[in-house]
Amino acid sequence: MTSSFTTPRNAAWPAILAAATVLGSLALACVFPFAAFAALAALTLDKRSGITLVATVWAVNQAVGFFLLTFPWDAQAVGHGIAILGATLAGFGIARMMSDRIANPVLRCSAALIAAFAVYQALLAAYAQVGGGAENFTPAIVFDVARNDVLWFAGLMGIRFLLTRITGERLIAAAA
């Protein structure tokens, strides 16, 4: 069974992800690793908690962007924000589907991240064709974004590993 937010022991992981969201949003703004967070949520939380986390991560990132980093309040910026939420939720869904089908933990993590990233990027690239920003999907930029997501995913999974040693939780949720 995957963990939820219901016990103090389980609250540490979402709290760590929340702190990483705020810090990452301040540091990275538009290059926030949404696909990495979607995969982490899919691998480590139950469905409802994962969706809640993904939506909260998005809301915090948008709040930081619009209120602290002064993103413009125009149709393009708001539209991109909404597209990011949809793409992140879709990435979460595909990462859950992939993780439910693979038993090996290393392959499971890899497949979840790759699937979440591919869906996230594909949906945002499709939106950019009508909402603007298609120039941000060159191979070099997508590679840099992928590298960023992999580094965040690996770093947060390292923290998850340490947390599981302290709390006794499972590192990766069992397929449900």
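Scanning segment 82-89 turns up no residue that is over 16 Å from residue 34 (Cβ atoms) and open to solvent by less than 20 Å² (accessible area, probe 1.4 Å). Note on segment 1-16: among residues that are over 15 Å from the mean Cα position of the chain (by Cα) and not small (Gly, Ala, Ser), the one that is modelled with the lowest pLDDT is 1. For segment 135-167: of the residues being of a type in the set (A, V, I, L, M) and surrounded by 14 or more Cβ atoms within 10 Å (Cβ to Cβ), which is modelled with the lowest pLDDT? Among them, the one singled out is 163.
If I ask for residues that are modelled with pLDDT of 85 or more and more than 13 Å from the chain's Cα centre (by Cα), which ones from segment 17-48 would you list? Of everything in segment 17-48, those that are modelled with pLDDT of 85 or more and more than 13 Å from the chain's Cα centre (by Cα) turn out to be 46, 47, 48.
Summed over segment 17-64, the residues that are farther than 21 Å from residue 124 by Cβ and open to solvent by 20 Å² or more (accessible area, probe 1.4 Å) give a count of 9.
The values are calculated or read from the model by the stated rules, or taken from the named source; none is laboratory data. Nothing here was measured: the structure is a model prediction, and the numbers come from that model. In this analysis, Cβ positions are derived from the backbone assuming ideal geometry, glycine residues included, and neighbour counts consider all displayed protein chains. Keep in mind that these areas ignore ligands, DNA and RNA; they rest on the heavy atoms of the full protein, side chains included. Shrake-Rupley method; radii C 1.70, N 1.55, O 1.52, S 1.80 Å.
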